[in-house]
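Coordinate-derived values only; no laboratory data. These numbers come from a predicted model, not from an experiment. With ideal geometry, Cβ positions are generated from the backbone for all residues, glycine too; neighbour counts draw on all protein chains shown.
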Amino acid sequence: MCASDTFPSPGPKAELEEGSILTPRFGADGLVTCVTTDAATGDLLMVAHMNSEALAKTLETGQAWYWSRSRNELWHKGATSGQVQTVVEIRVDCDQDALWLKVTVAGDGGCCHTGRRSCFYRQVTMQDGRPGLIFG
């Protein structure tokens, strides 16, 4: 499925920025970046990618679907872990090339495949003049 099968092609810049029609600008790889946060707390949970099929399924089902670049396949978040993401709100940025999902998470509320609540569990710090990682 390509973007033109599901979503109209992006129009002029003014339409993208001020229009009321969802016309996502998928990259050359057919993907758009998607930031996902907890709807109640605002905590950043993960960043993933969607192709047109993933976005269409998300809109149709009300649950988050992504495109796994590493597995090269459609991915229903929580299908195996039980951490299904129910979409509360979707936002699109000014030029429609990035999405923001606000979700509630089923199960233990985690989102990371490591078992943590967020994929962003490490902080970059300087250690002896070099960047290092600490667990937060």
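For residues that are among the polar types (S, T, N, Q) and outside any loop (DSSP other than H, G, I, E, B), scanning just segment 1-38, find the one that is nearest to residue 69 (Cα to Cα). It comes out as 33.
The number of residues in segment 61-83 that are within 30 Å of residue 18 (Cα to Cα) and free of Cβ contacts under 8 Å to residues at least 24 places away in the same chain comes to 2.
Among the candidates 41, 86, 36, the residue that is touching a residue at least 60 places away in the same chain (Cβ under 8 Å) and within 28 Å of residue 136 (Cα to Cα) is uniquely 36. Here residue 110 passes the criteria (1) within 30 Å of residue 16 (Cα to Cα); (2) of a type outside the set (D, E, K, R); (3) surrounded by 14 or more Cβ atoms within 10 Å (Cβ to Cβ) except the one numbered (1). Scan segment 39-96 residue by residue and report those that are in a helix (DSSP H, G or I) and surrounded by 14 or more Cβ atoms within 10 Å (Cβ to Cβ). Scanning segment 39-96 gives 52, 53, 54, 55, 56, 57, 58, 59.
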